[in-house]
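What follows is a set of notes on a single structure, which appears directly below.
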Amino acid sequence: MVGRAWAWWRDRKALVDFAFMSPLLLMSVLSAPAYTSPMLYGKGEPIPEVVYVALVAGLLGPLVVRRRWPVQAFATIAGVSFVQWVLDYTAIPANMGVLVAVYTVAANCAFRWAVAAGLVTELGAVLAAFRYTVNPGDRKYTTIMLSAVVAGVWILGVYISTRRAYTRSLEERAERLERERDTQIQIAMAAERARIARELHDVVAHNVSVIVVQADGASYAIDTDVERAKRALETISATGRTALAEMRRLLGVLREGDDAGAYRPQPGVAQLTDLVEQIRESGLPLDFRVEGVPAELPQGMQLAVFRIVQESLTNIVKHAGPRATAQVRLHYGDEAIQVTVTDDGRGAAARDDGRGHGLVGMRERAAVYGGTVRAGPRLGGGFEVVARLPLREEARSA
């Protein structure tokens, strides 16, 4: 409620400016008898009431639109003040509106306009000191005092303008850095998709190679060993379905041309043991367990599982600290395979520089098979990565 009210109030600039001008208006109204009554005025001729009202309106009215048209508001107030000086009407409380106007120009306009407004106001201060100072000997002190007030208000306005410009530059820099970071993430995601596409290409190529070999074997055995030919055809059928499923996923992944070089056989779940041994040799105590009944996984999914575990362990080695320990759990369920990698180190408290894209790659790999990846700090310390990939084809295609 308070936030909405404040937002509504800030959007009404004219109303806000009127509220800031109202003390001067109230002061001018309350002191009107001192300037319009012959008995209270004390010296010279009193200001006619109509003229007094016109002066107050001319000196304070432009302040209502001072932020929308700061130069025009200042010029109007300065012009009214000069006419007042020419007609030899004494200074009134509403003349302080010129200080508000010069501050507005200095705080909201270009520096050349601020200098011009400051010089005009300073000239007005000098003219006022010479016209309205009763004792000629006091004119010097009155001039110094008025000039000091004008200079203080002008410097405050220039400082506010400089501060606002500095704040805007910081905001623009933050927005630019955020855009650059988003661009880097997009580039990393595209590169990761390209890498996944290359690896899935290897998997599909392997399956097609198996189909060719089995087809050749079936063609030779069909006349002499029908049972062997039948088994070869069944292998061709199963491998073909797997290749088609991998090809559908491959079509959903962005591929960019590069010079990645010759392809090599891609690792799978069987190679996790070798990966665990390598991590242990690097000095990280690691507990690796496989739970449930292992299921036959497509080679592409095996590669995704391997890469998720590899990236998670790499992050632990880099960020968890020297006394950390890690656990890897590979759980085969009825509906999905779940990969859980945890540690008890300080990686969760490590500062994120915004340049790492490992989690992005994990999520991209899991998304290819309709899976999800959740990563974050653990209760009690450490970090946890949990990836879940559905085993059933209809769940992966959903």
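The values are calculated or read from the model by the stated rules, or taken from the named source; none is laboratory data. Not measured: the values here are computed from a predicted model. Cβ sites come from the backbone with ideal geometry, for glycine too, and all protein chains shown count toward neighbours. When the accessible area is computed, the model is the full protein with side chains, heavy atoms only, and any ligands, DNA or RNA have been set aside. Shrake-Rupley method; radii C 1.70, N 1.55, O 1.52, S 1.80 Å.
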Val309 being in contact with a helix residue (DSSP H, G or I) (Cβ under 9 Å, 6 or more places away or on another chain), at pLDDT 85 or above and either surrounded by 20 or more Cβ atoms within 10 Å (Cβ to Cβ) or at negative phi (or both): yes
Just the residues that are surrounded by 12 or more Cβ atoms within 10 Å (Cβ to Cβ) and of a type outside the set (Lys, Arg), please, taken from region 163-185. Gln184, Ile185
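Quick grid of which residues meet (1) modelled with pLDDT of 80 or more; (2) part of a strand (DSSP E or B):
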| residue | (1), (2) |
| --- | --- |
| Asn315 | yes, no |
| Gly321 | no, no |
| Ala324 | yes, no |
| His331 | yes, yes |
| Gln338 | yes, yes |
| Thr342 | yes, yes |
| Gly354 | no, no |
| Met362 | yes, no |
Which condition from (1) touching a helix residue (DSSP H, G or I) at 6+ places or on another chain (Cβ under 6 Å); (2) under 21 Å from Gly157 (Cβ atoms); (3) of a type outside the set (Gly, Ala, Ser); (4) at pLDDT 90 or above is the one that Met21 breaks? (4)
Please indicate, with yes or no, whether at least one residue in region 287-304 is under 32 Å from the mean Cα position of the chain (by Cα) and part of a helix (DSSP H, G or I). yes
Looking only at region 111-162, how many residues end up being open to solvent by less than 50 Å² (accessible area, probe 1.4 Å), modelled with pLDDT of 90 or more, more than 23 Å from Gln72 (Cβ to Cβ) and not β-branched (Val, Ile, Thr)? 3
I'd like to verify a number: residues in region 80-108 that are within 22 Å of Pro23 (Cα to Cα) and free of Cβ contacts under 8 Å to residues at least 24 places away in the same chain, how many? 0
Among the numbered conditions (1) within 48 Å of the chain's Cα centre (by Cα); (2) open to solvent by 30 Å² or more (accessible area, probe 1.4 Å); (3) not acidic (Asp, Glu), tell me where Val86 comes up short. (1)
Residue set Arg255, Arg231, Arg248; condition modelled with pLDDT of 75 or more and outside any strand (DSSP E or B); output residue Arg231
Within region 58-74, count every residue that is out of contact with any Lys or Arg (no Cβ under 6 Å at 6 or more places or on another chain) and open to solvent by 60 Å² or more (accessible area, probe 1.4 Å). 3
